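Engineer: Structure provided below as structure tokens; questions to follow.
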Amino acid sequence: MAFAGRFLSLAGLLATTPAIAAGPPVKVGVLQSLTGTMAISEVTVKNAELLAIAEINAKGGVLGRQIQAVVEDGASDPATFAQKAGKLIQQGGVVTVFGGWTSASRKAMLPVFQRNASLLWYPVQFEGNECSPNIIYTGAQPNQQIVPALTWATAKGHKKYFLIGSDYVFPRTANLILKKRIAAGKMTVAGEDYVPLGGTEFSAVIAKLRAAKPDIVFSTLNGDSNVAFFKQMAAAGLTSAKLPVMSFSIAEQEAQAMGPALVNGSYAVWNYFQSIQTPENKAFVAAYKAKFGAKAAITDPMVHGYVNVWLWKAAVEKAGSFDPARVRKAAVTLAAIPSPMGPVKLAPNQSLVQRAYVGQLQPDGQFKIVSQSPGMIAPEPYDALAFPGKSCKPA
């Protein structure tokens, strides 16, 4: 059965859909970085979002209407993301927007969605500390990626951690959470360093790594900075066998672009890996490769972007409306939906309930899953140790 069919066969979901006459296409925004330092990661998220739209249209669309994607380039620049979000809503006539990657881009867009009472579907892991009614957060919250990574590393006996990241809000907040938890576990932060987003000079960082002698590196580097980091690590003789690296922004696509040999043996934590062996995932991977090429790699943010479109469709049909406020309220009451990452549903705080996986990169650029959370993890936007007393009120 095709994956699209699995969505459409949900018992009871479509039964609640009111009969609405077919009308003109309904416009949605697709806003990702198609150029700049983040294009290495975001172009394929755009592809996955367009694949979902094409599949839904082939099955009759939403409320009897075809979906028309209006694609814009955020150009790896937060100000551009904000400008393009406004353009999509105010001039493009879109009813919702799928997109964003960096937290800097999301934070730049948030006031735009608030002013226009619109809704953004955000597909990427982030630092938490945010809970807006104008954003559906399906990427990992800290307790669904960062904390499971530390739990795994601690179980492996690692006690000295070096934290390296791009210099913006996600890496700095992620590392604040990690430092609190490392201290609580009576372990050591051997070093902490940041480079500008898109930075390519790591000689000073590598010198610090040699001096600190950590057990493992936790990397929140984003975009094509990862290419330079791993190349310079390899040139310095710091291979994964000598110094393991746990990355939070490298997935299959980035490994393919960098060359799997460069990152072979390194680790990552995501809520999805292409190597998951389920009928739903196999069908999705086959559909994506059929459209975008047999050598295409599939990543966690791509799948979240894809699932976001299907979740929006289900919420629209439950609400019987494209109105963002009504769609938002319907979204958090949906039953679990089958997906390439397994059954997923939104919690009342508009974030996704999902499982965490630890993967180790193999020579073919795929991840071998070496550990997974014992169950589905409810999203917690505010880390209890780093931000005690803060919580996210349900939408």
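Engineer: Report yes if some residue within the range 324-338 is modelled with pLDDT of 95 or more, in a helix (DSSP H, G or I), assigned by TED's automatic domain parsing to the domain that holds residue 31 and touching a Ser or Thr at 6+ places or on another chain (Cβ under 6 Å); otherwise report no.
Structural biologist: There is at least one residue in the range 324-338 that is modelled with pLDDT of 95 or more, in a helix (DSSP H, G or I), assigned by TED's automatic domain parsing to the domain that holds residue 31 and touching a Ser or Thr at 6+ places or on another chain (Cβ under 6 Å).
Engineer: Only one of these conditions is not met by residue 277: (1) surrounded by 24 or more Cβ atoms within 10 Å (Cβ to Cβ); (2) more than 26 Å from residue 200 (Cα to Cα); (3) at pLDDT below 95. Which number is it?
Structural biologist: Among (1) surrounded by 24 or more Cβ atoms within 10 Å (Cβ to Cβ); (2) more than 26 Å from residue 200 (Cα to Cα); (3) at pLDDT below 95, residue 277 violates only (1).
Engineer: OK, next. Got a sec? Which of 81, 126 is closer than 22 Å to residue 298 by Cβ, aromatic (Phe, Trp, Tyr) and without any contact (Cβ under 8 Å) to a residue 60 or more places away in the chain?
Structural biologist: Within the list 81, 126, the selection yields 126.
Engineer: When the residues of the range 249-274 are filtered to those that are surrounded by fewer than 23 Cβ atoms within 10 Å (Cβ to Cβ) and touching a strand residue (DSSP E or B) at 6+ places or on another chain (Cβ under 9 Å), which remaining residue is modelled with the lowest pLDDT?
Structural biologist: Ranking the qualifying residues of the range 249-274, first place goes to 260.
Engineer: Right, another one. Out of 318, 368, 345, which single residue is out of contact with any Cys (no Cβ under 7 Å at 6 or more places or on another chain), modelled with pLDDT of 95 or more, outside the structural domain of residue 116 (by TED's automatic domain parsing) and not in a loop (DSSP other than H, G, I, E, B)?
Structural biologist: Within the list 318, 368, 345, the selection yields 368.
Engineer: Which of the residues spanning the range 191-219 are over 22 Å from the mean Cα position of the chain (by Cα), in contact (Cβ under 8 Å) with a residue 60 or more places away in the chain and farther than 18 Å from residue 266 by Cβ?
Structural biologist: Correct list: empty.
Engineer: If you don't mind, another one. Looking at 157, 199, 128 in this structure, which one is under 18 Å from residue 392 (Cα atoms) and assigned to a loop (DSSP other than H, G, I, E, B)?
Structural biologist: Numbers: 157 fails: under 18 Å from residue 392 (Cα atoms); 199 fails: under 18 Å from residue 392 (Cα atoms).
So the residue among 157, 199, 128 that is under 18 Å from residue 392 (Cα atoms) and assigned to a loop (DSSP other than H, G, I, E, B) is 128.
Engineer: If you take the residues of the range 113-125 that are hydrophobic (A, V, I, L, M, F, W, C) and under 21 Å from the mean Cα position of the chain (by Cα), which of them is surrounded by the fewest Cβ atoms within 10 Å (Cβ to Cβ)?
Structural biologist: Checking each candidate, the answer is 113.
Engineer: Turning to a different aspect of this structure: Look at residue 298 and say whether it is over 27 Å from residue 193 (Cβ atoms) and either touching an Asp or Glu at 6+ places or on another chain (Cβ under 7 Å) or assigned to a helix (DSSP H, G or I) (or both).
Structural biologist: When the stated conditions are applied, residue 298 passes them.
Engineer: Just give me the residues in the range 355-380 being more than 27 Å from residue 245 (Cβ to Cβ) and under 17 Å from the mean Cα position of the chain (by Cα), in sequence order.
Structural biologist: If the condition is that a residue be more than 27 Å from residue 245 (Cβ to Cβ) and under 17 Å from the mean Cα position of the chain (by Cα), then 376, 378 are the ones that fit.
Engineer: Which one is farthest from residue 302 (Cα to Cα) among residues in the range 21-57 that are out of contact with any Lys or Arg (no Cβ under 8 Å at 6 or more places or on another chain) and assigned to a loop (DSSP other than H, G, I, E, B)?
Structural biologist: Among residues in the range 21-57 that are out of contact with any Lys or Arg (no Cβ under 8 Å at 6 or more places or on another chain) and assigned to a loop (DSSP other than H, G, I, E, B), the one farthest from residue 302 (Cα to Cα) is 21.
Engineer: Residues to consider are 234, 290; find the one that is without any contact (Cβ under 8 Å) to a residue 12 or more places away in the chain, surrounded by fewer than 19 Cβ atoms within 10 Å (Cβ to Cβ) and of a type outside the set (D, E, K, R).
Structural biologist: Sole residue among the options that is without any contact (Cβ under 8 Å) to a residue 12 or more places away in the chain, surrounded by fewer than 19 Cβ atoms within 10 Å (Cβ to Cβ) and of a type outside the set (D, E, K, R): 290.
Engineer: I would also like to ask the following. Suppose the filter is among the polar types (S, T, N, Q), surrounded by fewer than 23 Cβ atoms within 10 Å (Cβ to Cβ) and over 21 Å from residue 68 (Cβ atoms); does residue 333 pass it?
Structural biologist: Yes, satisfied.
Engineer: Next question. When both residues are 6+ apart or on different chains and their Cβ atoms are under 8 Å apart, which pairs have a first residue that lies in the range 255-284 and is farther than 12 Å from residue 240 by Cα and without any contact (Cβ under 8 Å) to a residue 60 or more places away in the chain, and a second that is in a helix (DSSP H, G or I) and among the aromatic types (Phe, Trp, Tyr)?
Structural biologist: Listed by first residue and then by second, the contacts come to 258/230.
Engineer: Then there's this: Quick check on this structure: which one of 79, 117, 104, 108 is on the phi > 0 side of the Ramachandran plot and assigned by TED's automatic domain parsing to the domain that holds residue 136?
Structural biologist: 117
The values are calculated or read from the model by the stated rules, or taken from the named source; none is laboratory data. Since the structure is predicted, the reported quantities are computational estimates derived from the model, not experimental observations. All Cβ positions, even for glycine, are placed from backbone atoms using ideal geometry, and neighbour counts span all protein chains on display.
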